[in-house]
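Student: Please find one structure pasted underneath; my questions will follow.
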Amino acid sequence: VPHLLHLDSSADGATSVSRALTATFAQTWQARGSDFTITYRDLRTDAPPHLTDPSLHWSPALRTVGRPGSPDPDPGEVARQDTLITELVGADILLIGAPLYNWSMPSSLKAWLDYIHVLGVTTPFGGDTQPMKDRTAVIATSSGDGYGPGTGNEGKNHAVPALELVLGASLGMRVIVIGAEFTLAPLLEVLADRRPQAQADLDAAHAAARSLATDLG
Ligand SMILES: Cc1cc2nc3c(=O)[nH]c(=O)nc-3n(C[C@H](O)[C@H](O)[C@H](O)COP(=O)(O)O)c2cc1C
(Lines give C-alpha, C1' and ligand atoms only; values in the text may rest on other atoms or scores of the structure.)
Protein backbone atom coordinates (compact mmCIF):
# COMPACT_ATOMS: atom_id res chain seq x y z
CA VAL A 1 0.00 0.00 0.00
CA PRO A 2 1.68 3.27 -1.06
CA HIS A 3 1.85 5.65 1.85
CA LEU A 4 2.68 9.36 1.78
CA LEU A 5 4.17 11.41 4.62
CA HIS A 6 3.15 15.02 3.98
CA LEU A 7 4.84 17.82 5.91
CA ASP A 8 4.20 21.55 5.66
CA SER A 9 6.38 24.18 7.31
CA SER A 10 5.18 27.57 6.10
CA ALA A 11 4.17 29.90 8.93
CA ASP A 12 1.41 31.13 6.64
CA GLY A 13 -1.68 29.04 7.22
CA ALA A 14 -3.83 30.93 4.69
CA THR A 15 -2.11 32.06 1.48
CA SER A 16 1.05 29.93 1.46
CA VAL A 17 2.35 28.89 -1.95
CA SER A 18 4.27 25.86 -0.67
CA ARG A 19 1.12 24.63 1.13
CA ALA A 20 -0.89 25.08 -2.06
CA LEU A 21 1.66 22.99 -3.97
CA THR A 22 1.74 20.17 -1.41
CA ALA A 23 -2.08 20.26 -1.31
CA THR A 24 -2.20 19.80 -5.09
CA PHE A 25 0.11 16.81 -4.72
CA ALA A 26 -1.84 15.32 -1.80
CA GLN A 27 -5.25 15.74 -3.50
CA THR A 28 -3.98 14.09 -6.68
CA TRP A 29 -2.45 11.29 -4.62
CA GLN A 30 -5.68 10.67 -2.71
CA ALA A 31 -7.75 10.73 -5.90
CA ARG A 32 -5.89 7.61 -7.05
CA GLY A 33 -7.86 5.53 -4.60
CA SER A 34 -8.32 4.57 -0.98
CA ASP A 35 -5.04 2.61 -1.04
CA PHE A 36 -3.14 5.88 -1.37
CA THR A 37 -2.92 6.86 2.26
CA ILE A 38 -1.42 9.94 3.90
CA THR A 39 0.08 10.89 7.24
CA TYR A 40 -0.01 14.66 7.61
CA ARG A 41 2.09 16.75 9.98
CA ASP A 42 1.84 20.51 10.03
CA LEU A 43 5.14 21.74 11.45
CA ARG A 44 3.64 25.20 11.93
CA THR A 45 1.49 23.92 14.77
CA ASP A 46 3.09 20.55 15.51
CA ALA A 47 6.87 20.94 15.25
CA PRO A 48 9.31 19.19 17.58
CA PRO A 49 11.17 21.56 19.90
CA HIS A 50 14.74 22.52 19.13
CA LEU A 51 17.08 19.68 19.92
CA THR A 52 18.32 19.82 23.51
CA ASP A 53 20.55 16.76 23.49
CA PRO A 54 23.30 16.04 20.92
CA SER A 55 23.23 12.32 21.74
CA LEU A 56 19.94 12.15 19.78
CA HIS A 57 22.00 12.56 16.59
CA TRP A 58 23.33 9.03 17.15
CA SER A 59 21.89 5.55 17.40
CA PRO A 60 21.51 4.22 20.98
CA ALA A 61 24.80 2.30 20.64
CA LEU A 62 26.65 5.45 19.56
CA ARG A 63 25.10 8.03 21.88
CA THR A 64 28.27 8.56 23.91
CA VAL A 65 29.88 9.92 20.74
CA GLY A 66 27.31 12.72 20.67
CA ARG A 67 27.53 13.40 24.37
CA PRO A 68 30.63 11.77 25.88
CA GLY A 69 30.38 10.37 29.38
CA SER A 70 26.80 11.46 30.00
CA PRO A 71 23.75 9.48 31.03
CA ASP A 72 21.01 8.42 28.68
CA PRO A 73 18.88 11.06 26.98
CA ASP A 74 15.52 12.11 28.34
CA PRO A 75 13.01 9.29 27.66
CA GLY A 76 10.43 11.81 26.44
CA GLU A 77 12.87 13.11 23.82
CA VAL A 78 13.73 9.56 22.75
CA ALA A 79 10.02 8.76 22.43
CA ARG A 80 9.45 11.90 20.35
CA GLN A 81 12.33 10.92 18.10
CA ASP A 82 11.00 7.37 17.75
CA THR A 83 7.58 8.72 16.73
CA LEU A 84 9.04 11.00 14.07
CA ILE A 85 11.35 8.32 12.67
CA THR A 86 8.56 5.71 12.65
CA GLU A 87 6.42 8.19 10.69
CA LEU A 88 9.24 8.72 8.21
CA VAL A 89 10.21 5.08 7.76
CA GLY A 90 6.54 4.16 7.28
CA ALA A 91 6.36 6.40 4.21
CA ASP A 92 6.99 5.27 0.64
CA ILE A 93 7.02 8.88 -0.50
CA LEU A 94 7.98 11.97 1.50
CA LEU A 95 6.43 15.32 0.56
CA ILE A 96 7.74 18.51 2.18
CA GLY A 97 6.52 22.06 1.79
CA ALA A 98 9.67 24.09 2.34
CA PRO A 99 9.56 27.86 1.88
CA LEU A 100 12.73 29.93 1.86
CA TYR A 101 13.09 31.78 5.16
CA ASN A 102 16.14 33.98 5.62
CA TRP A 103 17.97 32.17 2.84
CA SER A 104 17.45 28.88 4.67
CA MET A 105 14.65 26.54 5.70
CA PRO A 106 12.00 27.33 8.35
CA SER A 107 13.35 26.49 11.79
CA SER A 108 10.40 24.12 12.36
CA LEU A 109 11.54 22.00 9.42
CA LYS A 110 15.15 22.19 10.58
CA ALA A 111 14.06 20.95 14.02
CA TRP A 112 12.29 17.99 12.36
CA LEU A 113 15.45 17.20 10.36
CA ASP A 114 17.54 17.33 13.53
CA TYR A 115 15.35 14.58 15.02
CA ILE A 116 15.19 12.26 12.02
CA HIS A 117 18.76 12.47 10.72
CA VAL A 118 20.38 9.91 13.01
CA LEU A 119 23.70 8.20 12.43
CA GLY A 120 23.38 4.45 12.63
CA VAL A 121 19.56 4.67 12.35
CA THR A 122 18.49 6.60 9.25
CA THR A 123 21.96 7.01 7.76
CA PRO A 124 24.77 4.46 7.79
CA PHE A 125 27.59 4.68 10.32
CA GLY A 126 29.87 1.66 10.30
CA GLY A 127 27.01 -0.42 8.88
CA ASP A 128 24.50 -0.21 6.11
CA THR A 129 21.36 1.00 7.90
CA GLN A 130 19.63 3.31 5.44
CA PRO A 131 15.88 2.61 5.59
CA MET A 132 14.86 5.45 3.24
CA LYS A 133 17.33 4.45 0.52
CA ASP A 134 15.91 4.78 -3.01
CA ARG A 135 12.55 6.14 -1.82
CA THR A 136 11.45 9.49 -3.25
CA ALA A 137 11.30 12.85 -1.49
CA VAL A 138 9.41 15.67 -3.21
CA ILE A 139 10.38 19.13 -1.97
CA ALA A 140 7.88 21.88 -2.79
CA THR A 141 9.71 25.15 -2.32
CA SER A 142 8.63 28.76 -2.55
CA SER A 143 10.66 31.94 -2.38
CA GLY A 144 9.73 35.58 -2.52
CA ASP A 145 12.70 36.41 -4.71
CA GLY A 146 14.35 34.47 -7.54
CA TYR A 147 17.58 32.51 -7.35
CA GLY A 148 18.18 31.41 -10.93
CA PRO A 149 20.82 32.58 -13.40
CA GLY A 150 20.78 36.33 -13.99
CA THR A 151 19.04 37.23 -10.74
CA GLY A 152 22.26 38.07 -8.90
CA ASN A 153 21.10 35.61 -6.22
CA GLU A 154 22.70 32.46 -7.57
CA GLY A 155 23.96 30.18 -4.80
CA LYS A 156 22.08 32.07 -2.07
CA ASN A 157 19.24 29.58 -1.57
CA HIS A 158 20.50 27.52 1.34
CA ALA A 159 17.26 25.65 2.00
CA VAL A 160 17.13 23.31 -0.97
CA PRO A 161 20.84 22.30 -0.92
CA ALA A 162 20.68 21.41 2.78
CA LEU A 163 17.56 19.29 2.22
CA GLU A 164 19.26 17.58 -0.72
CA LEU A 165 22.28 16.79 1.44
CA VAL A 166 20.34 15.34 4.36
CA LEU A 167 17.61 13.49 2.45
CA GLY A 168 19.62 12.66 -0.67
CA ALA A 169 23.30 12.29 0.13
CA SER A 170 22.79 11.05 3.68
CA LEU A 171 19.46 9.19 3.78
CA GLY A 172 19.93 7.92 0.22
CA MET A 173 16.61 9.21 -1.07
CA ARG A 174 15.87 10.34 -4.61
CA VAL A 175 15.11 14.03 -4.13
CA ILE A 176 12.86 15.87 -6.59
CA VAL A 177 12.51 19.62 -6.21
CA ILE A 178 9.51 21.53 -7.52
CA GLY A 179 8.65 25.08 -6.64
CA ALA A 180 7.78 28.64 -7.38
CA GLU A 181 10.01 31.68 -7.22
CA PHE A 182 9.10 35.39 -7.09
CA THR A 183 6.04 34.62 -4.96
CA LEU A 184 6.20 38.20 -3.66
CA ALA A 185 5.94 39.64 -7.19
CA PRO A 186 2.14 40.07 -7.06
CA LEU A 187 2.51 42.04 -3.81
CA LEU A 188 5.64 44.13 -4.38
CA GLU A 189 5.99 46.90 -6.96
CA VAL A 190 9.78 46.39 -7.12
CA LEU A 191 9.10 42.91 -8.51
CA ALA A 192 6.29 43.98 -10.87
CA ASP A 193 8.28 43.03 -13.98
CA ARG A 194 8.54 39.47 -12.61
CA ARG A 195 4.78 38.91 -12.38
CA PRO A 196 4.39 36.97 -15.64
CA GLN A 197 7.34 34.76 -14.74
CA ALA A 198 5.99 34.22 -11.22
CA GLN A 199 2.61 33.10 -12.58
CA ALA A 200 4.24 30.79 -15.14
CA ASP A 201 6.48 29.33 -12.41
CA LEU A 202 3.50 28.70 -10.18
CA ASP A 203 1.43 27.05 -12.92
CA ALA A 204 4.38 24.82 -13.86
CA ALA A 205 4.94 23.85 -10.24
CA HIS A 206 1.28 22.82 -9.77
CA ALA A 207 1.45 20.81 -12.99
CA ALA A 208 4.63 19.11 -11.76
CA ALA A 209 2.96 18.32 -8.43
CA ARG A 210 -0.03 16.73 -10.21
CA SER A 211 2.16 14.72 -12.54
CA LEU A 212 4.44 13.42 -9.78
CA ALA A 213 1.47 12.52 -7.57
CA THR A 214 0.00 10.57 -10.49
CA ASP A 215 3.19 8.66 -11.31
CA LEU A 216 4.96 8.04 -7.98
CA GLY A 217 4.28 5.16 -5.63
C1 LIG B 1 10.48 34.83 7.97
C2 LIG B 1 10.54 35.00 6.48
C3 LIG B 1 11.78 35.05 5.86
C4 LIG B 1 11.86 35.15 4.47
N5 LIG B 1 13.10 35.15 3.88
C6 LIG B 1 13.17 35.15 2.53
C7 LIG B 1 14.46 35.04 1.89
O8 LIG B 1 15.50 34.95 2.51
N9 LIG B 1 14.47 35.05 0.54
C10 LIG B 1 13.33 35.13 -0.22
O11 LIG B 1 13.44 35.09 -1.45
N12 LIG B 1 12.12 35.22 0.35
C13 LIG B 1 12.02 35.23 1.71
N14 LIG B 1 10.78 35.28 2.31
C15 LIG B 1 9.57 35.26 1.46
C16 LIG B 1 9.04 33.85 1.32
O17 LIG B 1 10.03 32.97 0.83
C18 LIG B 1 7.84 33.83 0.39
O19 LIG B 1 6.83 34.66 0.91
C20 LIG B 1 7.31 32.41 0.20
O21 LIG B 1 6.23 32.45 -0.69
C22 LIG B 1 6.92 31.81 1.55
O23 LIG B 1 6.39 30.51 1.36
P24 LIG B 1 4.83 30.26 1.52
O25 LIG B 1 4.17 31.04 0.40
O26 LIG B 1 4.68 28.80 1.37
O27 LIG B 1 4.41 30.75 2.86
C28 LIG B 1 10.67 35.22 3.69
C29 LIG B 1 9.43 35.16 4.34
C30 LIG B 1 9.36 35.06 5.71
C31 LIG B 1 7.99 35.00 6.37
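Student: Obtain the nm distance between the two label points defined at Asp72 and Ala192 by a simple spin-label model: each point lies 7 Å from its Cα along the Cα-to-C-beta direction.
Tutor: 6.4 nm
Student: Find out how many positive minus negative residues lie around Ile38, taking Lys and Arg as positive, Asp and Glu as negative, among other residues whose Cβ is under 13 Å from that of Ile38.
Tutor: Net charge in that neighbourhood comes out at -3.
Student: To continue, here is another question. To the nearest 10 Å², what's Ile93's accessible area with a 1.4 Å probe?
Tutor: Counting only protein heavy atoms, the figure is 10 Å².
Student: Where in segment 189-217 does the amide nitrogen come within less than 16 Å of the point 7 Å from the Cα of Arg174, taken along Cα to Cβ?
Tutor: 209, 211-217
Student: Can I ask one more? When ligands, DNA and RNA are left out and all protein chains stay put, how many square angstrom of accessible area per residue does the chain have with a 1.4 Å probe?
Tutor: 47 Å²
Student: Within the accessible area of segment 57-118, what % is carbon and sulfur when the probe is 1.4 Å and the other protein chains stay in place?
Tutor: 58 percent
Student: At a Förster distance of 25 Å, what's the computed FRET efficiency of Asp46 paired with Val89, Cβ-Cβ distance as r, to 0.05?
Tutor: My answer for the efficiency is 0.85.
Student: Need the C-alpha centroid separation for segment 1-71 versus segment 80-119, integer Å.
Tutor: Distance between centres, Cα-based: 4 Å.
Student: Compute the relative contact order of segment 84-145 as a whole-number percentage, counting only Cα pairs closer than 8 Å that sit 6 or more residues apart in sequence.
Tutor: 46 percent
Student: Calculated from DSSP H runs of 4 or more alone, at -39500 (n - 2.57) each and per residue, what is the 222 nm mean residue ellipticity of the chain, nearest 500?
Tutor: -10000 deg cm²/dmol
Student: With charges set only on the Cβ (+1 for Lys and Arg, -1 for Asp and Glu), what does the dipole of the chain come to about its Cα centre, in debye to the nearest 20?
Tutor: With only Lys, Arg, Asp and Glu charged at Cβ, the dipole is about 120 debye.
The values are calculated or read from the model by the stated rules, or taken from the named source; none is laboratory data. Quick caveat: nothing in here was measured; it's all calculated off a predicted structure. Neighbour counts run over all protein chains shown; Cβ positions are idealised from the backbone, glycine included. For accessibility, only protein heavy atoms count, side chains too; no ligands or nucleic acids. Shrake-Rupley method; radii C 1.70, N 1.55, O 1.52, S 1.80 Å.
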